[in-house]
Structures are given as C-alpha cells and as structure tokens.
1. Got a number for carbon plus sulfur as a percent of the chain's accessible area, 1.4 Å probe?
2. Which translational diffusion coefficient, to the nearest whole µm²/s, is obtained for the range 24-205 from the Stokes-Einstein equation, given a Kirkwood hydrodynamic radius over C-alpha pairs, 4 °C and 1.567 mPa s?
3. If I fit a long axis through the Cα atoms of helix 24-54 and take the longest principal axis of the Cα atoms of the chain, what angle between them do I get, 0 to 90°, rounded to 10?
4. Determine ³J(HN,Hα), in whole Hz, for all residues of the range 337-349 in sequence, where each value follows from phi through the Karplus function 6.51 cos²θ - 1.76 cosθ + 1.60 and θ = phi - 60°; x replaces Gly and Pro.
5. Cα-based Rg of the chain per 2.2 N^0.38 Å, rounded to two decimals?
6. Over the range 328-411, with the other protein chains present, what is the accessible area per residue in square angstrom, probe 1.4 angstrom?
7. When all protein chains stay in place, what accessible area (Å², nearest 10, 1.4 Å probe) is found for residue 346?
8. Over the range 268-348, what is the relative contact order in percent, taking alpha-carbon pairs closer than 8 angstrom and at least six residues apart?
Amino acid sequence: MTGNIDTREQHPKNAPARTRFFTPAVITLIATSFMLGISEFIMVGILPQIAHGLHVSEVTVGNLVSLFAVAYAPATPIGSALSARFPRFTTHMILIAVFLAGNILCLIAPNYPILLIARIMIALVSGTTVAVSMTYAPDVASASNRTRFIAWVFSGFSIASVVGVPIGTWIAETFGWRAAFALIVALTIILMLAMLAVLPRNSHPMAIGFLPQFRLFADRRIRLGVFAVLFGAAASYVFYTYLTPILRDEIGVPQRFVSIGLMMFGAACLCSNLYSGRLANRGTGVAPLARIRPIYLIHALLLCLLAFAGLLPFAGALLLIMLGLFMYLQNSSSQVLYMDVAAQAHPGSMNLAASLNSMSFNIGIALGSAVGGIVNDHLGLTWLGPFGAVFALLAALTVSGLHPTEAELGK
C-alpha cells in the first residue's frame with residue numbers, strides 16, 4: 001500500500017491480528033524513526049567534540065544542523081512523490097541502505113567537507129523514509145489507532161533524544177565522537193534485519209504522474225498547515241541547536257552532567273510527542289491544528305523567559321524542560337490535517353501528504369538553527385529564546401487562518 005494512507009480498514013479479514021497495537025511491525029517502524037532521530041539529533045550532543053576533533057568552530061559544526069535540514073526539506077516531498085510509483089518494501093530497504101552508507105561515511109570522515117557530504121547524504125533519504133513508514137498505517141494498525149500510530153512513529157525521534165542522543169553523547173565524551181557513529185551503524189544493521197523479518201511486503205504503486213501530485217500545494221489548508229509547522233519548529237530550533245552550550249554556559253551544568261540534562265530534555269520531548277496524539281483526537285481535518293493556537297502563544301511566552309535562565313539556574317533548567325514539553329505538540333495534529341485534506345480532495349497525493357510534516361518541520365529546523373547561529377554570533381546565547389518567540393507568534397497567527405467546519409470539530 002505504497003501510495004495511500006487511508007483511514008478505513010483495508011483488510012478486514014486481518015483485523016483480529018491487529019487488535020494488539022505494539023506488534024513487531026509497529027515496533028520496527030518506531031525503531032526506524034528512532035534511528036533517524038539519533039542520526040539527526042546526535043550533532044546537538046557531540047557538537048563540541050566534533051569541533052575539537054576536526055579543528056573547526058562550534059558554530060561551523062552547528063551549521064551542519066541547518067544544512068542537514070536544507071537538504072532534507074526539498075528531498076522529502078520529491079522522494080515521497082517518486083516513491084508512490086515503486087514497490088514500497090523495496091524502496092524502504094533502499095532508503096535505509098543509503099542511510100547506513102551515510103553514517104559509515106560520518107564514521108570515517110577525515111575532515112569537515114567529507115562530514116558535510118555524509119550528513120547531506122543522510123538528509124536526502126531521511127524524510128522519505130518517514131513518509132514511507134507512515135504508509136504502513138492501514139496494514140499494521142486499526143483505523144481507531146490511526147493517531148496513536150502517527151504519534152508513536154513521531155515519538156521514535158523523541159525516544160532518540162531521551163536514550164540515544166545522551167548515550168551517544170556519553171560515548172563521544174568517553175571514546176571519541178566517531179564511536180557515536182559506530183553505534184548508529186551497528187544499530188542500523190540490526191534494524192535492517194528486523195525490517196526484512198516483519199514488515200509487510202504488499203504494495204500498490206500509484207498510477208498518478210509525478211507532477212500532478214504537487215497540486216496538493218494549491219490547497220490553502222495545506223499551505224497554512226505547512227507554515228504553521230515551519231514556524232513552530234523554527235521557534236524551538238533557534239535555541240535547541242545550541243542546547244549543549246546553553247546547559248553548559250547559561251545554566252552552569254558541569255560538562256560531565258550535560259548528557260543527563262539532554263536526557264531529561266529528551267524525556268520532556270517524548271511526553272510532548274505522545275500527548276500530541278491526544279490533541280490530534282480533538283476533531284478531524286484542520287480542527288486539531290486550529291486548536292493548537294493557545295499552545296503556540298504559551299510557547300512564545302516561555303521562550304521569552306529563556307533570556308533570564310542564567311539568573312536563576314535551577315528555574316532555568318525547569319524552563320528548558322517545559323520548553324521540551326511544548327516542542328512537538330503540533331506534530332500529530334498537523335499530520336491529521338495533511339492526511340485528511342488529501343484523502344478528501346487530493347487522494348492521488350497521499351504519499352506526498354505523508355511527507356509534509358517532515359518537510360515543513362525541517363525547513364523550520366533550517367530557519368531556526370540559521371537564525372540561532374546569527375543570534376549566537378552577534379548577541380550571545382541569552383537572546384536565543386526571544387528570537388524563537390517571534391516564530392511561535394507567527395505559528396499562532398498562521399493557524400488563526402484555519403477555519404474548521406462543524407463536522408471537523410465533531411459537533
């Protein structure tokens with residue numbers, strides 16, 4: 001079922017087999033996001049070690065985060081639209097194989113340019129891999145578990161923040177930054193074996209052409225959803241890209257305890273992702289995302305308060321955890337918008353719709369981390385939060401343009 005993510009039960013005779021949610025297939029798809037998350041976010045935890053090892057500045061290494069997102073964003077919709085025309089499982093395995101090759105290149109990179117090439121290589125396949133994972137929804141989960149499946153696939157990234165990134169940071173501090181990539185390589189090989197063993201092989205490639213799928217962007221609701229996620233992600237990544245220096249230099253966390261701080265922040269992000277699934281159950285279509293507006297406004301206020309984190313370190317640490325709780329609350333609601341609008345008005349673009357959350361979020365990452373780099377260079381870490389608040393306010397303004405119908409509100 002490569003091309004469509006349908007909210008209906010497509011295989012009723014298999015329904016009894018899917019009454020249990022955490023099946024081996026679902027766990028494997030969550031693990032896929034987990035590996036993508038480790039690879040994407042690991043730079044935040046080992047940024048100082050890479051800078052020291054390759055003899056470049058921390059800001060230069062921080063630019064890898066924005067450059068990763070710059071490659072990720074356009075590659076995701078293009079790759080997802082192309083993937084709709086090919087067998088799903090084979091495409092999925094090829095994408096993971098490229099991901100593995102990119103991380104091997106990170107492991108052996110002798111200098112910054114080679115590391116940059118490796119990171120871009122990983123970025124080019126990561127978003128499409130997430131989109132293809134979403135297309136398994138009708139085959140591995142019941143219709144009633146749709147938002148739960150979405151939330152858990154996205155939560156793989158947060159689990160990476162909770163467990164993978166802190167462990168990778170500890171490994172980098174203890175054995176060197178290359179050892180962190182060696183761990184990613186080993187775990188990816190195990191993941192590929194699991195995919196071969198448990199993922200469904202059924203596939204129904206779409207007959208629609210490549211370019212017609214992009215008519216999806218003509219829909220105003222889709223555009224507003226994309227910009228809301230873009231601004232929401234940028235709000236967080238203005239400061240998240242420099243989370244390690246903030247913990248170390250603003251909050252005053254000793255270097256040996258930074259990995260613990262990252263783990264606590266990651267735990268907050270995991271809660272954020274899982275709770276986003278509950279928020280997404282508040283209606284259908286554009287309704288769940290429209291209801292996120294107050295959350296964006298509170299997020300903006302918290303980001304402004306981050307400017308004072310250094311004055312009261314304990315309060316600053318609690319504030320960072322609260323920001324982690326807000327980081328992914330939009331994820332499932334925006335995915336529901338994309339999928340429902342596409343199912344209703346653009347059924348031939350379902351694969352592309354599945355990719356829009358990853359695409360828009362990573363454009364936001366690129367924008368936020370780039371702004372964060374400029375702010376850090378010219379004004380310092382203290383001002384990262386207020387600049388992030390501007391993006392949160394833009395997200396709130398954007399979702400104000402969504403007008404759910406009574407049916408979408410559940411009335």
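1. Details: 10860 of 15220 Å².
So the carbon and sulfur contribution to the accessible surface is 71 percent.
2. Numbers: Rh = 16.6 Å.
Diffusion coefficient, whole number: 78 µm²/s.
3. 20
4. These are the phi-based 3J(HN,Hα) values: 4, 4, 5, 5, 5, 5, 4, 7, 10, 9, x, x, 10 Hz.
5. Details: Rg = 20.1 Å, N = 411, 2.2 N^0.38 = 21.7 Å.
Relative to the 2.2 N^0.38 Å estimate, the chain comes out at 0.93.
6. Details: 2820 Å² over 84 residues.
Dividing the accessible area of the range 328-411 by its residue count gives 34 Å².
7. That residue has around 40 Å² of solvent-accessible surface.
8. Numbers: 83 pairs, mean separation 41.8, N = 81.
In percent, rounded to a whole number, it is 52.
The values are calculated or read from the model by the stated rules, or taken from the named source; none is laboratory data. Predicted model only: the values in this text are computed from it and were never measured. Ideal geometry is used to build each Cβ from the backbone, glycine not excepted, and the neighbour counts take in all protein chains shown. Please note that ligands, DNA and RNA were not included when accessible areas were found on the heavy atoms of the full protein model with its side chains. Shrake-Rupley method; radii C 1.70, N 1.55, O 1.52, S 1.80 Å.
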